[in-house]
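Rule-based calculations on the coordinates, nothing more; no lab input. Remember, predicted model here, so these are calculated numbers, not experimental data. All Cβ positions, even for glycine, are placed from backbone atoms using ideal geometry, and neighbour counts span all protein chains on display.
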């Protein structure tokens, strides 16, 4: 497995997925597994070096990896820019590519100039070309792969992610009444600005409502200013970057959570974490987010970017119109890492049979 960064080195959805999948596969019987990414590695894993430095330098460092692999070994690549070629001294190795999102489009959303975004698109096309299998988390990203990157549909497998059911657990406690938790990178496409636009209407209906926003990013200053100007800024707390112990505690304190993404959402691991902690997540209809909750309660899905709809659903949830703790936990248990790992093992078996 080749990734971007180990989760402890740089928290984020892709890195959480890569790290947790590695740990699950490592404990699976019959798997001889190695994994490498930037930053301090998990036990049994390796590192290409520290997370700092230019992207170009790190890409070159990763591409230069010449670890000898046994004949028939499968390369499972989790970030298009980093990772060795499938060509090795013992011939070509089967290649699996995990598609976590369109790097070029994400760059556009972050304000990248068009020339740079187009360059990233062609780098992705080259790095995806010729893979034996592609893994996506949702049907939405399967469509992106086929339509935007021209990947043959018969090579794509949809494997939903898992959630650590031990790290995030529920309790019968109801949490702090009126507390809403939002865990997101503070980037425009994550939709936190829409949540802040909706928040005054929530406070108008529930005067004791509190919003806790966890995360950092390039939009943090603008979002703090937006909250301050809203007239209800004293009900909003920016918690910054926190560790898993603190995050688990905040889930227990919350009544509900919100995932207000407006673009390029492959699945939303954070929604599964909320469910595992017994807290219903209100999500948008962006990308693969509905896949996390549609079989539980479709009313938890609102139109992306619709401030009024988001405010109304939060108000309803704070009034008790949301799945209760045990329902949420039971739904999360359908997304265990053991199940996700077994589906990957089955996929690898397609390439070695």
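The C-alpha atoms of the chain define a longest principal axis, and helix 114-128 lies at about 50 degrees to it. For the Cα atoms of the chain, what angle does the longest principal axis make with the long axis of helix 192-205, in degrees from 0 to 90, nearest 10? Helix 192-205 sits roughly 20 degrees off the main axis of the chain. Seen from all directions on average, segment 179-334 presents a Cα convex hull projection of 7.9 nm².
The alpha carbon centroids of segment 313-346 and segment 196-235 are separated by 26 Å.
Along each principal axis, taking the top coordinate minus the bottom one, the Cα set of segment 255-353 gives 53, 30, 16 Å in descending order. Within the listed set 11, 200, 152, the Gaussian network model of the chain (springs between alpha-carbon atoms below 10 Å) gives the highest mean-square fluctuation for 152. Compute a Gaussian network model of the chain, connecting alpha carbons closer than 10 Å, and tell me which residue from 162, 139, 88 fluctuates the most. Of 162, 139, 88, the Gaussian network model singles out 88 as fluctuating most.
For the chain, the share of DSSP beta bridges that are antiparallel, to the nearest 5, is 5%.
When the convex hull of the Cα atoms of the chain is projected onto a plane and the area is averaged over all directions, what value comes out in nm²?
Details: hull surface 69.0 nm².
Reported value for the Cα convex hull: 17.2 nm².
Using the Cβ-Cβ distance between residue 246 and residue 297 with R0 = 22 Å, the FRET efficiency computed as 1/(1 + (r/R0)^6) comes to roughly 0.20. Taking the longest Cα principal axis of the chain as reference, the axis of helix 307-318 is set at about 70 degrees.
Result for the chain in a Gaussian network model with C-alpha springs under 10 Å: among 46, 246, 84, the largest mean-square fluctuation is at 246.
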